[in-house]
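The values are calculated or read from the model by the stated rules, or taken from the named source; none is laboratory data. The structure presented is a predicted model; accordingly, all values stated were derived computationally and were not measured. A quick note on method: Cβ atoms are made from the backbone with ideal geometry, for glycine too, and the neighbour counts reach across all protein chains shown. Accessible surface is based on the protein model in full, side chains and every heavy atom, while ligands, DNA and RNA are left aside. Shrake-Rupley method; radii C 1.70, N 1.55, O 1.52, S 1.80 Å.
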Amino acid sequence: MKFIPTSLPGSFIVEPDIFTDDRGWFSRFYGKNDFKEIGHAKEWVQLNHSFTAKKGTIRGMHFQFHPFREIKMVKCIAGIVYDVIIDLRKGSPTFLKWLGVELSAQNRKMLYVPEGFAHGFQCMENNCELIYHHSEFYQPGAEGGIRFSDPVIKIEWPLKVTLLSQKDESYPFLDRNFKGI
């Protein structure tokens, strides 16, 4: 596996090594020893799978508050998504900066998202599926979100937004009092 650091410290684009032969291909999704290279020592405690039907749909931008902040590793297994993270770490030199990466079934890339980040994505075509590793269990009382169109963050989504959940649409905009998580 190749771990490619991004502009947001602690996050990585993960490119698996692909082994091909006459039967097709094989790659490793996760290896404990491989992830030690980037300092990952936490256990993955939850694995989620999402399906999004409509091109232009946004899911996000989600996070969990301390002490339930989580590391995520995201992989697109069907379709193409524009995957976005926002650094919400209190005191971080890249606080409130965002990064967008194309993940697809074809490019097989994954995104490693450290604790203290919000995460979301936009479907670039119909019928997208993602698999997420989580280092913490989902805690309903600890969840939070940033509005996808927050003027402080200014995410440049590639497509017109076609669908949002009511919950994602209701997240408040950031104000001066937000110091991070």
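At a temperature of 37 °C and a viscosity of 0.692 mPa s, determine how fast the stretch 78-181 diffuses translationally according to Stokes-Einstein, using the Kirkwood radius over alpha-carbon pairs as Rh; express D in µm²/s, rounded to the nearest whole number. D = 220 µm²/s. Here's the picture: a label point sits 7 Å out from the Cα of F68 along the beta-carbon direction, and within the stretch 103-140 the residues with their amide nitrogen under 14 Å of it are 135-140.
Measuring nothing but how far apart in sequence close Cα pairs (under 8 Å, 6+ apart) lie, relative to its length, the chain scores a relative contact order of 30 percent.
Each Lys and Arg adds +1 at its Cβ and each Asp and Glu adds -1 at its Cβ; summed about the Cα centre, the chain shows a dipole of about 320 debye. According to the Cα-based calculation, Rg over Rh for the stretch 1-50 is 1.03, with Rh computed by the Kirkwood formula.
Think of a 1.4 Å ball rolled over the protein heavy atoms: the stretch 1-47 then has 70 Å² of accessible area per residue. Plainly put, the stretch 7-110 has a radius of gyration that is 0.97 times its Kirkwood radius, both from alpha-carbon atoms, as the Rg/Rh ratio. Write out the cysteines belonging to the chain for which the nearest other cysteine Cβ is not under 4.7 Å, or none if no such cysteine exists. Flagged as lacking a Cys partner: C76.
For the stretch 62-137, the fraction of C-alpha pairs more than 19 angstrom apart is 35%.
Label reach from K154 (point 7 Å along Cα→C-beta): in the stretch 92-127, amide nitrogens under 17 Å belong to 94-100. Put simply, when 45-56, 119-130 are sorted by average Cβ atoms within 10 angstrom per residue, most first, you get 119-130, 45-56.
Stokes-Einstein diffusion for the chain, with the hydrodynamic radius set to the Kirkwood value over Cα pairs and evaluated at 20 °C in a medium of 1.002 mPa s, equals 127 µm²/s. By accessible area, using a 1.4 Å probe on protein heavy atoms only, the stretch 1-100 has 55% of its surface on carbon and sulfur.
Normalising by residue count, the stretch 125-181 has a Cα convex hull of 142 Å³ per residue.
Listed peptides 30-43, 105-118 appear in the order 105-118, 30-43 once ranked by packing, highest mean of other Cβ atoms within 10 Å at the front. First measure r as the distance between the Cβ atoms of R23 and E43, then evaluate 1/(1 + (r/R0)^6) with R0 = 30 Å and state the FRET efficiency to the nearest 0.05. Using R0 = 30 Å, I get an efficiency of 0.40.
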